[in-house]
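Peer 1: Encoded as structure tokens, here's the structure I'll be asking about.
The values are calculated or read from the model by the stated rules, or taken from the named source; none is laboratory data. Keep in mind the model is a prediction, meaning the values are calculated, not measured. Here Cβ is always computed from backbone atoms with ideal geometry, including for glycine, and neighbour counts include all displayed protein chains.
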Amino acid sequence: LQESESENKLDGETASDSESKSEFSGSSPVPTSDDTPEVLNRALSNLSSRWKNWWVRGILTLAMITFFFIIIYLGPMVLMTIVMCVQIKCFHEIITIGYNVYHSYDLPWFRTLSWYFLLCVNYFFYGETVTDYFFTLVQREEPLRILSKYHRFISFALYLTGFCMFVLSLVKKHYRLQFYMFGWTHVTLLIVVTQSHLIIHNLFEGMIWFIVPISCVICNDIMAYMFGFFFGRTPLIKLSPKKTWEGFIGGFFSTVLFGLLLSYVMSGYRCFTCPVEFNNDTNSFTVDCEPSELFQLQEYNIPVVLQSVVGWKTVQMYPFQIHSIALSTFASLIGPFGGFFASGFKRAFKIKDFANTIPGHGGIMDRFDCQYLMATFVNVYIASFIRGPNPSKLIQQFLTLRPDQQLHIFNTLKAHLVDRGILGSLEDA
Amino acid sequence: EVDLEERLQELDLRSDSDIPDVPPPTDSTPEILKRALSGLSARWKNWWIRGILSLAMISGFFLIIYLGSFMLMLLVLSIQVKCYHEIITIGYRVYHSYDLPWFRSLSWYFLLCVNYFFYGETVADYFATFVQRREQLQFLIRYHRFISFALYLTGFCMFVLSLVKKHYRLQFYMFAWTHVTLLITVTQSHLVIQNLFEGMIWFLVPISSVICNDITAYIFGFFFGRTPLIKLSPKKTWEGFIGGFFSTVVFGFIFSYFLAQHQYFVCPVEYNSETNRFVTECEPSELFQMKKYSVPPLLQAVLGWETVNMYPFQMHSFALSTFASLIGPFGGFFASGFKRAFKIKDFADTIPGHGGIMDRFDCQYLMATFVHVYITSFIRGPNPSKLLKQLLILQPEQQLSVYKTLKSHLVEKGILQPSLRG
């Protein structure tokens with residue numbers, strides 16, 4: 001049972017209508033349409049409206065979690081597609097809010113331009129990712145090779161076309177509106193598209209880097225709600241009056257524990273821990289590898305303080321579980337700020353939910369607001385502490401250098417390997 | 001259309017009342033100029049002021065070029081900070097948000113964070129030897145992204161904690177305004193610096209082409225201008241546009257010819273750790289070595305030559321000047337539209353007769369990005385020292401497999417002779 005932060009009391013908002021004169025006045029919240037499926041409506045027709053709401057939310061939560069498991073089972077390709085769809089839907093939701101705020105449905109060209117910019121930025125990011133991970137496939141096909149070699153130039157040219165179209169579409173009466181929508185579109189692109197691509201990068205690192213962070217955020221939502229429901233007393237922040245310190249702290253500890261357990265279970269399976277690779281021969285994604293040392297059981301000494309509590313001297317753990325503590329800590333302590341940001345945004349623009357896509361929950365954005373900070377954090381975490389550079393990308397860059405540069409690098413690398421004893425000095429293999 | 005008009009009238013945003021009247025432009029012309037020109041009519045006086053300031057700016061530009069790359073970097077940084085300040089100040093005025101809690105500090109904090117991130121990415125590459133020697137810098141470089149992200153997150157959390165009930169929307173608007181401004185000014189100033197490190201010629205020729213296009217389009221428009229170009233800027237004409245295009249191409253061509261001869265302009269900027277200075281010395285790449293080109297038959301008749309000696313770079317200068325003349329002006333139209341949308345005459349009053357720094361640099365921004373994309377797509381390969389640094393971070397097994405792949409590739413291409421056994 002999850003409580004969305006969007007269920008804040010809007011009646012308290014009317015007092016804020018006496019805001020400074022540059023604020024909008026009188027734009028009423030979008031009336032929420034009830035798109036609960038008929039079947040649920042009939043099944044729950046006997047209950048009071050409060051319990052009905054609970055049940056609707058609960059059923060939808062279970063449905064979403066089940067759906068999540070199904071697509072994990074279906075594999076990386078389907079996951080990528082789902083991430084892409086969620087991204088497009090989030091973009092659409094935020095842009096629609098912009099249209100409502102600025103009454104700008106009829107602006108010339110603007111809908112087309114927004115979708116065009118979305119396409120450009122996605123093209124740019126997918127091209128960068130595809131070039132890295134599908135390197136051999138790209139080299140084989142001639143048109144793909146040219147597209148990848150001049151990828152940045154092509155993306156920039158596409159973006160510029162959109163920019164020039166925007167300038168040419170400026171109409172005298174609507175200058176400011178058009179600039180606002182332009183700014184709104186770009187900020188939305190920044191938030192939505194870059195982070196969905198970071199999620200895909202995390203996914204390619206190994207499904208566990210995708211599943212554990214997302215599950216930790218969901219777990220924190222649910223646990224914080226439960227602790228708040230049973231023990232909640234002290235309010236946490238004025239922005240979300242339903243959040244309490246008890247919920248926050250309880251959620252933190254539960255999420256860390258949950259993360260440890262989930263990582264333990266997942267680290268045992270190759271399909272979760274291996275980087276996703278594209279197999280040229282079978283033309284499909286494979287997740288098969290020798291598990292890295294992160295996912296091999298190691299013996300850890302328990303600090304003396306915990307020994308008396310737990311009763312063991314050493315414990316067998318995966319090193320990844322230590323990292324999971326960092327991930328769950330971020331999910332519980334900083335992730336909620338993403339939620340507060342979205343709450344503030346909804347209050348600022350006087351909307352209850354981002355959209356009405358999911359009955360009882362609101363829009364897709366309402367579910368994913370905490371995830372965004374998490375995705376960036378995981379990506380930065382991996383890049384800083386886990387993964388080194390991508391070897392195939394390095395090889396690809398090497399091949400574009402001049403011969404004398406190639407020779408210089410080769411000799412330096414050779415000297416380095418010989419120095420470390422990795423390569424025998426007389427070996428010429 | 002009528003319906004839209006009615007709806008637009010309803011909202012505060014669209015009516016002019018919420019935008020403060022443009023304050024009368026303060027006259028920041030220095031006293032000496034005023035006295036010297038006191039005899040002339042107002043129109044000529046304006047001309048003279050603009051002319052003198054243009055010459056002053058161009059001379060300042062030459063002086064800094066002479067002083068070297070480091071001064072140029074500082075100049076770019078100062079301009080970036082000033083442009084950022086100008087745009088943010090406009091935002092404050094539009095939204096009456098001078099008194100928002102924390103907001104000024106947060107804006108400057110975000111500027112600092114993003115600059116820290118970008119400088120760390122560039123500096124680490126170019127100052128590799130300098131960094132290797134110092135332990136603390138190594139730590140900062142290794143975890144650079146994480147540190148930058150942590151700094152940014154702190155700012156983000158401070159923003160969330162600073163949200164005040166009455167001012168939610170204002171605060172979100174300023175937050176977005178700040179981010180879009182950062183995107184425009186900071187990223188592009190760093191692209192300019194990256195272009196600079198590629199060789200001063202990649203910095204000078206594009207900037208000069210844009211300036212030349214401005215000036216020659218104005219002159220052609222003044223003498224021959226008849227057909228208006230775009231409603232957004234009523235003073236621009238097609239004659240000025242086309243005349244400016246051809247002049248800029250010729251100018252770029254000639255200017256590149258002169259610059260390509262000097263190592264000072266042509267060589268990538270490198271940091272010499274022994275002398276602790278920037279040096280520009282190298283073997284000029286083949287882009288900057290004279291080659292013989294056959295003149296196409298069409299032009300042969302006109303020019304009377306069969307072959308011509310040119311630097312290959314001059315061909316690239318065609319692309320650069322063409323972009324400066326045809327697409328660069330869109331940056332100017334964008335800025336014009338922005339000024340009309342927010343009812344401002346100039347971005348600021350920093351330069352007498354010209355307006356703010358942003359007014360001078362609006363066309364440059366698209367140019368900087370274009371040059372950077374052009375260089376990475378067509379000219380430069382990856383940076384060898386950066387590649388080497390990344391190779392050395394790999395795991396030993398990865399290094400070994402990369403080594404083997406490279407070796408087989410080099411042998412295949414005949415760059416490396418297969419070594420004899422034994």
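Peer 1: I'm trying to understand the selection: among the residues of the range B:326-353, which are surrounded by 14 or more Cβ atoms within 10 Å (Cβ to Cβ) and away from chain A (no Cβ under 14 Å)?
Peer 2: If the condition is that a residue be surrounded by 14 or more Cβ atoms within 10 Å (Cβ to Cβ) and away from chain A (no Cβ under 14 Å), then B:D346, B:F347, B:A348, B:D349, B:T350, B:I351, B:P352, B:G353 are the ones that fit.
Peer 1: From the list A:L190, A:L203, A:L236, which residue is surrounded by fewer than 22 Cβ atoms within 10 Å (Cβ to Cβ) and in contact with a strand residue (DSSP E or B) (Cβ under 6 Å, 6 or more places away or on another chain)?
Peer 2: Testing whether each residue is surrounded by fewer than 22 Cβ atoms within 10 Å (Cβ to Cβ) and in contact with a strand residue (DSSP E or B) (Cβ under 6 Å, 6 or more places away or on another chain) leaves just A:L236.
Peer 1: Can you tell me which of (1) part of a helix (DSSP H, G or I); (2) without any contact (Cβ under 8 Å) to a residue 12 or more places away in the chain; (3) within 14 Å of chain B (Cβ to nearest Cβ) is the one A:L170 doesn't meet?
Peer 2: Result: A:L170 fails condition (1) only.
Peer 1: Moving to a separate point now. Could you list, in sequence order, the residues of the range B:115-130 that are at pLDDT 75 or above and either in contact with a Ser or Thr (Cβ under 8 Å, 6 or more places away or on another chain) or among the small types (G, A, S) (or both)?
Peer 2: If the condition is that a residue be at pLDDT 75 or above and either in contact with a Ser or Thr (Cβ under 8 Å, 6 or more places away or on another chain) or among the small types (G, A, S) (or both), then B:Y116, B:F117, B:F118, B:G120 are the ones that fit.
Peer 1: Among the residues of the range B:225-260, how many are under 17 Å from B:M200 (Cβ atoms) and either of a type in the set (S, T, Y) or touching a residue at least 24 places away in the same chain (Cβ under 8 Å) (or both)?
Peer 2: Number of matching residues: 6.
Every residue, every condition in (1) assigned to a strand (DSSP E or B); (2) under 30 Å from A:G98 (Cβ atoms), yes or no:
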| residue | (1), (2) |
| --- | --- |
| A:C289 | no, no |
| A:E299 | yes, no |
| A:L306 | no, no |
| A:V309 | no, no |
| A:Q321 | no, no |
| A:S324 | no, no |
| A:L327 | no, no |
| A:P336 | no, yes |
| A:K350 | no, yes |
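Peer 1: Could I ask something else about it? Condition first: closer than 25 Å to B:C157 by Cα and at pLDDT below 85. Can you find one or more residues in the range A:241-263 that meet it?
Peer 2: Yes; the residues of the range A:241-263 include at least one that is closer than 25 Å to B:C157 by Cα and at pLDDT below 85.
Peer 1: Could I ask something else about it? What about A:Y116, is it among the hydroxyl-bearing types (S, T, Y), within 30 Å of A:P275 (Cα to Cα) and in a helix (DSSP H, G or I)?
Peer 2: When the stated conditions are applied, A:Y116 does not pass them.
Peer 1: While we're on this one: Which number in (1) away from chain A (no Cβ under 14 Å); (2) buried (at least 22 other Cβ atoms within 10 Å of the Cβ) marks the one condition that B:T307 misses?
Peer 2: Only one criterion is unmet by B:T307, namely (2).
Peer 1: Kindly evaluate A:V256 against the criterion of being more than 10 Å from chain B (Cβ to nearest Cβ) and part of a helix (DSSP H, G or I). Talk me through it step by step, then tell me what you get.
Peer 2: Working: more than 10 Å from chain B (Cβ to nearest Cβ): yes; part of a helix (DSSP H, G or I): yes.
Against the criterion (more than 10 Å from chain B (Cβ to nearest Cβ) and part of a helix (DSSP H, G or I)), A:V256 qualifies.
Peer 1: Let me ask something else about it. Picking from B:Q261, B:Q300, which residue would you name as being out of contact with any helix residue (DSSP H, G or I) (no Cβ under 6 Å at 6 or more places or on another chain) and either at pLDDT 80 or above or in a loop (DSSP other than H, G, I, E, B) (or both)?
Peer 2: B:Q261
Peer 1: Take the conditions among the basic types (K, R), surrounded by 19 or more Cβ atoms within 10 Å (Cβ to Cβ) and either part of a helix (DSSP H, G or I) or on the phi > 0 side of the Ramachandran plot (or both) and apply them to B:R360. Does it pass?
Peer 2: Criteria met by B:R360.
Peer 1: Would you confirm whether or not the range B:181-203 contains a residue that is outside any helix (DSSP H, G or I), more than 14 Å from chain A (Cβ to nearest Cβ) and within 30 Å of B:F118 (Cα to Cα)?
Peer 2: Within the range B:181-203, one or more residues are outside any helix (DSSP H, G or I), more than 14 Å from chain A (Cβ to nearest Cβ) and within 30 Å of B:F118 (Cα to Cα).
Peer 1: Still on this structure, I have one more. Would a scan of the range A:269-284 turn up a residue that is in a loop (DSSP other than H, G, I, E, B), buried (at least 20 other Cβ atoms within 10 Å of the Cβ), in contact (Cβ under 8 Å) with a residue 60 or more places away in the chain and aliphatic (A, V, I, L, M)?
Peer 2: Yes, the conditions are met somewhere in the range A:269-284.
Peer 1: For the range A:137-158, enumerate the residues that are of a type in the set (S, T, Y) and at the interface with chain B (Cβ under 9 Å from one of its Cβ atoms).
Peer 2: Listed by number, the residues that qualify are A:Y150, A:S155.
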